[in-house]
Each structure stands twice: as structure tokens, then as C-alpha cells.
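Quick notes on the structure that follows.
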Amino acid sequence: MTVAVHELPDIRRVEQIMGLPVVVDVRDDRGADSAVDDLFDWLRWVDATFSTFKEDSEISRINRGELRREDAHPDVREVLERCDRLREETNGYFDMRAPDGGIDPSGLVKGWAVDRAAAILDCAGLHNYAVSAGGDMRVRGRAVPELAWRVGIQHPLDQQQVAAVVESTDLAIATSGAYARGDHVWNPHSGRAPSGILSVTIVGPELGTADAYATAAFAMGPERAPHWTARLAGYEAMTILADETVFKTGGFPDE
Amino acid sequence: MRKSITVLLSVAALSLPIVDATAATRATTKKIVVSKRFTGSVTSVDRWGNLQVTIVVRKTTTTTGTKKKVTRKITAVSVPTYPNHTDRSIYINQTALPILKSEALRVQSASINMVSGATDTSDAFAQSLQAAILKAKKS
């Protein structure tokens, strides 16, 4: 039986926020417009509060010495504290301290904001959705009429292809790589972009953590990344090296 | 009595060279297979403790006439020593440490709903998204 496209109970919306295309795809059989409005309002607030490009954001004010960390918004304090913990957990490979001496927590902010965005949809009683910010996403429930969400992991050498397919009804998926924006991840210990590694994909319960782990593992480079990811509790990984070797942790849920 | 015959037979079998059918007319091929265990050095894993890996390597020496070819293959990998000095790393070891699968990069062609990847320029992303949406609608 074929279902006509216009009968599918879904909402797909794309907006450019935090310098990234944010895609929201809701497949519940009920009104989702107001929840999706709330979701985009939330992300705009996050952008206004955390952006290092906006002069009046709290992060910019902290960096100019006009606002003390302890006086910042509770969400800002929460994110900065998590960045500190992640730096320890990743042996310094995830580091929000920018080369100019300021802080730039955007490596965590995006994933953390999408986790909260997913909670907004949960609270509105929606159970079938995907929220993606620049290719890092949370999926939940079904991609109606299908029984789950099927997420392709981009092939790092061929943008038209995927290197793996992950199917899930509840998962966060983050991929860090050098192939799209040029070398935007660098090793904080050497100050250089890692070589010999094409991408790291991390999947698990939370996108903030998955994204930070992916960034850190990518910065570690080809020798350390696969082994480091194999020891993460609750998160699974796929690392693609420049010699086209793929390392997957034992529970990586691809087909 | 029976036992000694068995032994004699197996010794005879071992001493017979394995003959490669294609080369049989010109030279005999002798194959020697040896499996050996190798233990790596103890290495420090970040701050979680030490790790040591043992591998079993199967070495095959094939001699055809005067030509000798040696191939080595790893047949087993194990981790006899691994970090366990904190609660967290004990937990991690129990869940994940020994399992890391390696394979070649491939292309998957299955139908998908979303794509995870490092961010492209937003225009290209939007185009590819549109294409994906169109495909999803057709499927």
C-alpha cells in the first residue's frame, strides 16, 4: 500500500542557527507546530547567549572580563562546568580554551542544546522525531511510516555516499571530521590538525557528550582514537583512518 | 602394538612434503606453519593505567625449489593486562576494552532518513538535505 506524501503526519523545518542548518523532522500523528516553535526559540536563545561571534552574548562578556563565571546564567555555568569535566575525561583533547586565551564552549553547546531541544519535544508528548544540527543529531521513535530512523554516516571520501547505516529508535549520533570545513579540529597538545584520520562517529544517549567525545577522539589522531573510544562507557564509536581502515567498537549499532 | 603403528604413520605424514599440484611436475613445494605468541610492551593508557597486548602470529614458510616465501598472519589478539586501578576503568574494561573490530571502508547504498557528518557549507547541506527529503518521499 502506498501512502500519499501529503498524508504523512510530519513536519520538516530547517533554520540556520548557530551558523548551522538545524533540521527538525517530527513524524507524530498530532500537532507539533507550537512545540517546534518553542524548540527554535530555545535554539535562538542559546545562540544569543553562547555565541562567541555576538558581542553581547554572555560568553563574549565573560571573555572581555565584564561578567564573572559565577554570575552567569545557570545554563552557562552548567555548560562551562561540563566543558571542564570533559577536558579531564578526554585527557585535555576536548578543550574549550581558545588559542587567544578566552573560552569557546561551542564544541559542547551545539549537542547540549539539541539534547534540551529533544526534551522540549518529549515534554510536548511527541515521540517520533529527529533533530539535527549540522549533521549531529538526536533521533527518537519512528521515521513514520518506517519502524525506526535510519541514519547514514557520511562517507569521508565521497560526499554522495554513506559509509555505514545506523538504525535506532532512541540515539544521539555525532560525527567529527576534517573533510567538510577543512581542518576545524586541532590537537590542543600539538597545536596542529590531526593527520591520518578522516572521521570519528560517536553514538550514545546524549548528543552533548557524543559530540565532545567525537571532537576529542578526532584530535587524538589515528593511533590513539580507536583505542580510546573502545573504553567509553555507554558510547560506541566508528573511526575512519586515511588508509581507509574502519575501526568499530564492539557494540557499534550499524547493520 | 597398535599405538606404535599410529605414531609411525603420523611421523611419516609429517615428513612428507606438501605437494603443490600446479608445481608438482617441476619442483616440490614445502610448507612449514608455525604459530607463535608475542607479547607487547606494557604501555600506559592515559591516566587509566597500563595495557599490554598479546598476539598469536601464524608464520607460513613456503619453499618451492630455491624460492622461499614467508607470510605472517595474526590469528588472535588478547589483552592480559589492562587498566583496572579505578572503579571507572574496571567498569570500562568489563564492557568494552577487548572489542575493537577493524574492516575496510565501504559504501552503503541503503535508504536513509538522515545523514550524520561533519558540517558542509550550509548551501551544499541544504541541497543535499532537499535531495534526501525528495528521496525519502519517493521511498
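The values are calculated or read from the model by the stated rules, or taken from the named source; none is laboratory data. Keep in mind the model is a prediction, meaning the values are calculated, not measured. For neighbour counting, all protein chains shown are included, and Cβ atoms are generated from backbone atoms with ideal geometry for every residue, glycine included.
Quick look at the values:
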item	result
Residue in the range A:96-113 that is within 11 Å of chain B (Cβ to nearest Cβ) and touching a Pro at 6+ places or on another chain (Cβ under 9 Å) present	no
Residue ID - surrounded by the fewest Cβ atoms within 10 Å (Cβ to Cβ), chosen from residues in the range A:92-117 that are closer than 13 Å to A:Ala216 by Cβ and in contact (Cβ under 8 Å) with a residue 24 or more places away in the chain	A:Gly92
Yes/no for A:His155 being surrounded by fewer than 23 Cβ atoms within 10 Å (Cβ to Cβ), within 7 Å of chain B (Cβ to nearest Cβ) and of a type outside the set (Lys, Arg)	yes
Evaluation of A:Tyr179 against (1) at pLDDT 90 or above; (2) in contact with a strand residue (DSSP E or B) (Cβ under 7 Å, 6 or more places away or on another chain) (one fails), failing number	(1)
Among the candidates A:Val14, A:Val26, residue that is more than 19 Å from A:Glu206 (Cβ to Cβ), touching a Pro at 6+ places or on another chain (Cβ under 8 Å) and within 14 Å of chain B (Cβ to nearest Cβ)	A:Val14
The range A:114-137 - residue that is more than 17 Å from A:Asp41 (Cβ to Cβ) and at the interface with chain B (Cβ under 10 Å from one of its Cβ atoms) and, of those, farthest from the chain's Cα centre (by Cα)	A:Ala130
Check on A:Glu88, closer than 20 Å to A:Ser176 by Cβ and surrounded by fewer than 19 Cβ atoms within 10 Å (Cβ to Cβ)	yes
Subset of the range A:48-81 (residues that are more than 19 Å from A:Asp115 (Cβ to Cβ), among the small types (Gly, Ala, Ser) and outside any helix (DSSP H, G or I))	A:Ser57, A:Gly65, A:Ala72
Any hit, the range A:189-198, residues being more than 7 Å from chain B (Cβ to nearest Cβ), modelled with pLDDT under 90, in contact with an Asp or Glu (Cβ under 7 Å, 6 or more places away or on another chain) and surrounded by fewer than 18 Cβ atoms within 10 Å (Cβ to Cβ)	yes
Hits in the range A:158-170 (condition: more than 7 Å from chain B (Cβ to nearest Cβ), closer than 19 Å to A:Ile240 by Cβ and touching a strand residue (DSSP E or B) at 6+ places or on another chain (Cβ under 8 Å))	A:Val166
Count of the range A:22-34 residues which are surrounded by 22 or more Cβ atoms within 10 Å (Cβ to Cβ) and not in a loop (DSSP other than H, G, I, E, B)	5
Residues of the range A:240-255 satisfying the condition of being hydrophobic (A, V, I, L, M, F, W, C) and touching a residue at least 40 places away in the same chain (Cβ under 8 Å)	A:Ile240, A:Leu241, A:Ala242, A:Val246, A:Phe252
Boolean, A:Thr209 is modelled with pLDDT of 95 or more, at negative phi, more than 10 Å from every other protein chain (Cβ to nearest Cβ) and buried (at least 22 other Cβ atoms within 10 Å of the Cβ)	yes
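Yes/no per residue for (1) more than 7 Å from every other protein chain (Cβ to nearest Cβ); (2) of a type outside the set (Lys, Arg); (3) in a loop (DSSP other than H, G, I, E, B):
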position: A:Ala214; (1), (2), (3): yes, yes, no
position: A:Phe218; (1), (2), (3): yes, yes, no
position: A:Glu223; (1), (2), (3): yes, yes, yes
position: A:Trp228; (1), (2), (3): yes, yes, no
position: A:Ala233; (1), (2), (3): no, yes, yes
position: A:Thr239; (1), (2), (3): yes, yes, no
position: A:Asp243; (1), (2), (3): yes, yes, yes
position: A:Lys248; (1), (2), (3): no, no, no
position: A:Gly251; (1), (2), (3): yes, yes, yes
